[in-house]
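Quick notes on the structure that follows.
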Amino acid sequence: MSLELAILASGSLGNCSVIRSPAGVLLIDLGIGPRITARRLQGTGVNIADISAACLTHLDGDHLRPTWTSTILRQRIKIFCHAARRKELLRQFDPEPPLDHAERLVHTFRADPFEPLPGLTLEPLHLAHDRQGSHGFIIDGFGSRIGYATDLGRVPPDLLDRFANLDILALESNYDPVMQETSDRPPFLKRRIMGGAGHLSNHQALAAVRAILDRAQSCGHRLPAHIVLLHRSRECNCPRLLRKLFQHDKRIAKRLTLAEQFERTHWLRPRHVQPATGEQLLLAWG
């Protein structure tokens with residue numbers, strides 16, 4: 001068994017992804033509550049009781065729900081956040097008794113790689129999202145590498161090189177520029193989203209994916225088996241537009257998966273990994 005990824009929810013109403021590994025189950029973000037998470041996990045062969053750790057990209061409400069605190073304490077789930085956000089995260093557990101239990105479960109990372117589960121390494125990548133930023137990750141272990149980045153604001157130059165040797169690439173593609181400009185959203189919100197510290201447009205995401213694939217090919221690396229587009233705006237984006245734009249590049253077209261807000265993806269695996277016997281797979285093309 002290698003690493004496998006499924007997106008349980010992706011968008012402004014909540015974000016959560018699950019990684020299954022030989023060392024256990026890891027969630028990336030807790031932006032949907034445990035009850036919804038349990039429903040989305042049905043048919044995957046994984047359930048809430050299997051979760052050993054969770055890693056947070058940042059602490060916005062669509063990436064962390066306070067309803068998780070009781071489950072984290074009861075199951076003793078290790079939760080990882082950037083060191084600068086530890087105190088803010090611990091406040092989520094107040095007044096959950098006893099607070100010292102939460103303090104033992106909350107772990108932090110900075111710029112160096114860390115190991116949330118034995119044999120599974122996450123390399124953080126700082127992203128310029130809003131005032132306090134966010135983090136993407138290279139998830140490495142058991143012969144597989146996943147690149148995961150959402151809420152980017154803009155593409156940091158080192159992301160292109162660090163994501164150039166992956167089995168699975170998951171990257172934000174939030175909005176269509178024309179739909180954003182012509183929407184009824186207030187000007188301050190448009191400026192926040194489009195100003196380099198909000199979200200990536202479809203065209204920015206496409207340019208990044210193409211650059212990553214170009215670097216992989218120039219270095220003789222494998223191309224990812226799957227390219228997943230995350231955090232699509234429900235108001236200012238469209239699955240049809242996304243597919244039309246990204247499928248112009250034949251390297252992307254056959255690898256493309258669109259993450260959804262209300263429906264999970266199937267398990268995404270490196271090419272050399274076969275599905276578990278009898279496992280139910282649900283496609284999420286929306």
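The numbers here are math on the coordinates, done by the rules we state, and not lab data. From a predicted model like this one, the values you see are computed outputs, not experimental measurements. Reconstructed Cβ throughout: ideal geometry from the backbone, glycine too, with neighbour counts over all protein chains shown.
Among beta bridges identified by DSSP and lying wholly in the chain, the antiparallel ones come to about 50 percent. Working note: Karplus 6.51/-1.76/1.60 with θ = phi - 60° gives the range 27-43 the couplings 9, 9, 6, 10, x, 10, x, x, 5, 5, 4, 4, 5, 5, 7, 4, x Hz, where Gly and Pro are set to x.
Any idea what the relative contact order of the chain is, in percent, if you count C-alpha pairs under 8 Å spaced at least 6 apart? Write down the numbers at each step before the final one.
Values: 620 pairs, mean separation 56.2, N = 286.
That works out to 20 percent.
Listed values for the range 251-256 are Karplus-derived 3J(HN,Hα) couplings in whole Hz (6.51 cos²θ - 1.76 cosθ + 1.60, θ = phi - 60°), namely 5, 8, 3, 7, 10, 7, and x replaces Gly and Pro. Under a model in which nothing but the beta-carbon of Lys, Arg (+1) and Asp, Glu (-1) is charged, the chain shows a dipole of about 500 debye around its Cα centre.
Test of understanding: in a Gaussian network model of the chain with alpha carbons linked when under 10 Å, which of S233, S52, S218 would top the mean-square fluctuation ranking? With Cα springs under 10 Å in the chain, the top fluctuation among S233, S52, S218 is at S218.
Size descriptors for the range 50-147, from the alpha-carbon set: Rg then Dmax equal 13.5, 42 Å. Distance between the 7 Å Cα→Cβ label points at A128 and T67: 3.6 nm.
Packing-wise, with mean Cβ within 10 Å as the measure, how do 200-208, 104-112, 155-163 rank, highest first? Kindly include the intermediate steps, with their values, before the conclusion.
On the way: 200-208: 21.3, 104-112: 13.9, 155-163: 17.1.
Averaged packing, sorted descending, gives the order 200-208, 155-163, 104-112.
Residue-wise HN-Hα couplings along the range 13-25, as the Karplus relation 6.51 cos²θ - 1.76 cosθ + 1.60 with θ = phi - 60° gives them from phi, are 8, x, 10, 6, 10, 10, 10, 9, 9, x, 8, x, 10 Hz; Gly and Pro carry x.
In this calculation the C-beta distance from F114 to R251 is compared with R0 = 41 Å, giving a FRET efficiency of 0.80.
Apply the a/c threshold of 1.5 to the C-alpha gyration tensor of the range 105-175 and tell me whether it is rounded, prolate or oblate. Display every interim value, and only then the final one.
Numbers: a/c = 2.04, a/b = 1.23, b/c = 1.66.
Oblate is the answer for the range 105-175, as a/c is 1.5 or above yet b/c matches or exceeds a/b.
Extension gain for the segment R185 to R39, taken as residue separation times 0.36 nm less the Cα-Cα distance, is 49.3 nm to one decimal.
The alpha-carbon of K250 sits under 20 angstrom from the alpha-carbons of these aspartates and glutamates, leaving out residues fewer than 8 places away in its chain: D167, E172, D214. Rounded to the nearest 0.05, the FRET efficiency derived from the C-beta distance between R192 and D100 at R0 = 45 Å is 0.75.
Partner aspartates and glutamates whose Cα lies under 14 Å from the Cα of K244, excluding those fewer than 8 positions away in the same chain, are identified as D176.
For the range 1-42, what relative contact order do you get, as a whole percent, if you take Cα pairs closer than 8 Å and at least 6 residues apart? Provide the component values of the computation, followed by the final result.
Numbers: 60 pairs, mean separation 13.8, N = 42.
This gives 33 percent for the range 1-42.
From most to least packed by mean Cβ count within 10 Å, the peptides 256-266, 185-195 give 256-266, 185-195.
Compared with the alpha-carbon gap, the fully stretched path from F262 to R240 is longer by 6.2 nm at 0.36 nm per residue.
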